[in-house]
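Here is the structure we will look at.
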C-alpha cells in the first residue's frame, strides 16, 4: 500500500489526521494539542496507547470549561500522547502569564500541512503559535514504507525580545490491551529519582530518594503489578547514556521503544496510575503508565523547576531548540538490550 495521510472526523466534530504505512497507523488530534491519540502496530492489530474511560471531550464548546486549569486539562484528557509545553505539572505564574497545568500547547488546535505521501513515505508538518506565551512549536511526523518506526522532529522558537524560560516534554501513556502485568521495562537510564512532594494513594516509593534503576529496595520497577494490585507513583529516570526505553509485553510477544536526544531531554518522567487513585479523575478505574522524555524536573510547574533544580530550558530572543524522537515497534518475548539513535532495536 502507499503511505498516506488524510483528514478524518472523530465523534461529531473532532478533526484528526490518520497517517499510516503498511506497518503502523496513527491518529493525530489536530483540534486538540496535536495529540497522538492512536498508535497501532498492524501486524498484531494492537493500539499501545491508553484511552481514558471517560472518553473524548470534543472541542466545539471549548476545553477550558473548568475554573482551574488542572481540572480543565484532565477532563479534556482522552489518553494518548501529548506534548507538554511551555509548562509541565502544576499551574504557576511566569512573567505575568498564568501558565496552565501541563502547558498551553496540549490544549489548542494546531495547523497542519501534508508535505508528501507516496509509496515510499508520508510526511506531515503541524504547527501552533501559542497565545499566552511568545512561542511557536512545530512538529514533523514521518513514516517510511515497510518501517515499524515513527519519526518525530519538533522545534520550539522564542519570538520574544527577551530571554524566556520553559519546560518541554512528551507524555505518551500506555494502556490495555498492550499494558498488563506481563510487561517489562528496559532503559539506559542509570537511576530513578522519586518526586519529593507526590504522596499518592498506594505509592511504594519514599519521597525524594534516588536509587539505581531498576531495583528500588525490594521492588523491581521494571515489572508492572497486575490490575488488581493498585499502585500509583511519580518519579524520574535520570542519567541516561543516550536516551531510550522499551516496554515489552512478553505474553503478546511485542513492544514499543522510544529513543531521543538526551542532551535536550535528559530526564524521563515515570508515572504510574494502576487502578489506585480515588476520586476525580481516575476513580480507581484507570490502568495506565507513562514514561515521558523531558527537559526538566520536577513535574511541579516551571517556577518550581527554576527554584528547585534549575533544569528549565532558557531561550534567548529569537532562539530555537529542536529534538528528534523515534517510536519503534519490535517483536520479542523477553525484552530489549539496546535501541540506538536510528531506532534499531537489539532484543534479548
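In the range 174-199, of all residues being touching a residue at least 24 places away in the same chain (Cβ under 8 Å), over 19 Å from residue 333 (Cα atoms) and over 21 Å from the mean Cα position of the chain (by Cα), the one that is surrounded by the most Cβ atoms within 10 Å (Cβ to Cβ) corresponds to 196.
Restricting attention to the range 68-96, the residues that are more than 18 Å from residue 292 (Cα to Cα) and at pLDDT 95 or above total 6. Of all positions in the range 247-258, at least one carries a residue that is out of contact with any strand residue (DSSP E or B) (no Cβ under 9 Å at 6 or more places or on another chain), at pLDDT 95 or above, within 26 Å of residue 143 (Cα to Cα) and not in a strand (DSSP E or B).
Within the range 95-102, is even one residue surrounded by 15 or more Cβ atoms within 10 Å (Cβ to Cβ), at negative phi and not in a strand (DSSP E or B)? Yes, there is a match, as at least one residue in the range 95-102 is surrounded by 15 or more Cβ atoms within 10 Å (Cβ to Cβ), at negative phi and not in a strand (DSSP E or B). Does the range 105-122 contain any residue that is buried (at least 18 other Cβ atoms within 10 Å of the Cβ) and out of contact with any strand residue (DSSP E or B) (no Cβ under 9 Å at 6 or more places or on another chain)? Checked against the condition, which is being buried (at least 18 other Cβ atoms within 10 Å of the Cβ) and out of contact with any strand residue (DSSP E or B) (no Cβ under 9 Å at 6 or more places or on another chain), the range 105-122 yields at least one hit. Of all residues in the range 6-30, exactly one satisfies the criterion of being in a loop (DSSP other than H, G, I, E, B), within 25 Å of residue 102 (Cα to Cα) and at pLDDT 95 or above, namely 30. Once the range 77-94 is narrowed to residues that are in a strand (DSSP E or B) and within 14 Å of the chain's Cα centre (by Cα), the residue that is farthest from residue 321 (Cα to Cα) is 79.
The values are calculated or read from the model by the stated rules, or taken from the named source; none is laboratory data. Everything quoted here is computed from the prediction, not taken from an experiment. Because the Cβ atoms are built from the backbone with ideal geometry, glycine has one as well, and the counts that use them run over all protein chains shown.
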